[in-house]
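S.K.: Sharing a structure, written as structure tokens. Questions coming.
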Amino acid sequence: MWRCSMSTSDSVLIVEDEVDWRAIYERAAKRQGFTTVKTAGDLESAVILLDERKFAVAFVDIGLNIDDDRNVDGLRVMERIRALGDETSIIVVTGRSGADVVSITRDALKKYDAFDAVGKVPIEPADIQRLLVEALKAYKEKEAAGRPAVQIVLRGAQPPLEWDDHILRLLRISRGAEGLYGFLESLFARFLPVVARPDRSAVVVDSAIGVAHGVYWSRAAGQAVGVVFGQGLGVGTAVENHGMLLDANKVGQVLHSATAGEVKGFVYALPELDRHKFAVD
């Protein structure tokens with residue numbers, strides 16, 4: 001069994017224009033055990049990171065230009081997070097002064113359902129770590145309640161009963177739809193959410209060779225992945241032959257695999273496919 005640690009719950013985004021403050025938040029997150037910590041100093045960089053990956057927690061400074069007190073690009077970052085449908089726990093950060101700071105912060109908390117708000121001074125590392133723990137807990141609760149089932153993602157816009165029947169005939173899996181859904185969850189749930197290609201939202205079923213396959217951008221992994229499943233797929237055969245099925249010149253390592261009786265499935269890294277090959281959310 002091949003396994004790869006793949007979870008949005010170990011990821012933090014830091015959107016902060018001041019280098020020293022980015023470093024403070026980054027150190028605190030790594031000390032708390034977060035393995036994926038990404039930083040951005042402006043709106044454009046933050047949007048790129050958000051399109052690539054979903055984050056559990058995001059520290060977002062309201063102002064992203066230290067020389068412009070009117071800059072509120074951090075609000076646009078929060079807007080993008082929610083537009084993507086992410087349950088990210090947003091921590092609003094501000095070092096602003098002036099009469100508008102209270103109203104801007106209050107509006108951000110309400111409009112973007114932010115988890116909390118903090119000022120840069122006099123926040124301490126212990127305060128940041130406490131926020132991380134509490135924000136992560138809140139994220140996990142929301143994420144568990146809101147994640148779609150894998151079969152819904154893989155069937156795309158196809159009629160549910162028709163798709164289920166087609167896949168069940170292909171796999172001949174025991175326990176019918178219940179067995180199918182359980183297998184797909186064990187194979188692909190850790191890679192959600194995903195972005196499909198514009199021309200193909202559902203997995204392709206090739207009845208001639210008994211294989212279903214699809215290509216997606218995984219925002220949990222921050223990379224393109226290919227999923228292949230069917231009856232009796234040997235790993236060597238899968239790696240050697242499925243590159244063409246996955247429309248990739250190079251199929252990378254097996255990130256994860258799952259089995260259910262004679263049914264086997266694999267998720268591969270597709271290193272030659274980048275984010276722009278997939279639909280824009």
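The values are calculated or read from the model by the stated rules, or taken from the named source; none is laboratory data. This is a predicted model, so every value here is computed, not measured. A quick note on method: Cβ atoms are made from the backbone with ideal geometry, for glycine too, and the neighbour counts reach across all protein chains shown.
S.K.: If you go through segment 164-183 one residue at a time, do you hit one that is among the acidic types (Asp, Glu) and surrounded by 15 or more Cβ atoms within 10 Å (Cβ to Cβ)?
M.R.: Among the residues of segment 164-183, at least one is among the acidic types (Asp, Glu) and surrounded by 15 or more Cβ atoms within 10 Å (Cβ to Cβ), which makes the answer yes.
S.K.: Write out, first by first residue and then by second, each pair whose Cβ atoms fall under 8 Å of each other, whose residues are 6+ apart or on separate chains, and whose first residue, in segment 243-270, is surrounded by 21 or more Cβ atoms within 10 Å (Cβ to Cβ) and in a loop (DSSP other than H, G, I, E, B) while the second is β-branched (Val, Ile, Thr) and modelled with pLDDT under 90.
M.R.: VAL251/VAL239; LEU270/VAL251
S.K.: Let me ask another. Checking ALA138 against (1) more than 17 Å from the chain's Cα centre (by Cα); (2) small (Gly, Ala, Ser); (3) closer than 28 Å to VAL72 by Cα, which single condition isn't satisfied?
M.R.: Among (1) more than 17 Å from the chain's Cα centre (by Cα); (2) small (Gly, Ala, Ser); (3) closer than 28 Å to VAL72 by Cα, the lone unmet condition for ALA138 is (1).
S.K.: Does any residue in segment 82-93 that is outside the structural domain of ASP51 (by TED's automatic domain parsing) come within less than 9 Å, Cβ to Cβ, of a residue that is assigned to a strand (DSSP E or B) six or more places away or on a different chain, and which pairs are these?
M.R.: Hits for this filter: zero, empty list.
S.K.: So which strands (runs of 3 or more DSSP E) are wholly in segment 1-92 and hold at least 1 residues that are touching a Gly at 6+ places or on another chain (Cβ under 7 Å) and crowded, with 20+ Cβ neighbours inside 10 Å?
M.R.: Numbers: elements: 11-15, 36-40, 57-61.
It comes to 11-15, 57-61.
S.K.: Quick one: which helices (runs of 4 or more DSSP H) sit completely within segment 110-198 and have at least 1 residues that are modelled with pLDDT of 95 or more and closer than 19 Å to ALA220 by Cβ? Outline the logic, then answer.
M.R.: Values: elements: 125-146, 150-155, 160-171, 176-188.
Because the criterion is at least 1 residues that are modelled with pLDDT of 95 or more and closer than 19 Å to ALA220 by Cβ, the helices (runs of 4 or more DSSP H) in segment 110-198 that meet it are 125-146, 150-155, 176-188.
S.K.: Based on this model, can you work out whether ILE48 counts as farther than 24 Å from ALA144 by Cα, aliphatic (A, V, I, L, M) and modelled with pLDDT of 95 or more?
M.R.: Answer is yes for this residue.
S.K.: Run down GLY210, GLY222, GLY243, GLY252 and say which single residue is more than 19 Å from GLN151 (Cα to Cα) and at pLDDT below 85. Reasoning before the result, please.
M.R.: Working: GLY210 fails: more than 19 Å from GLN151 (Cα to Cα); GLY222 fails: at pLDDT below 85; GLY252 fails: at pLDDT below 85.
After applying the criteria, what remains is GLY243.
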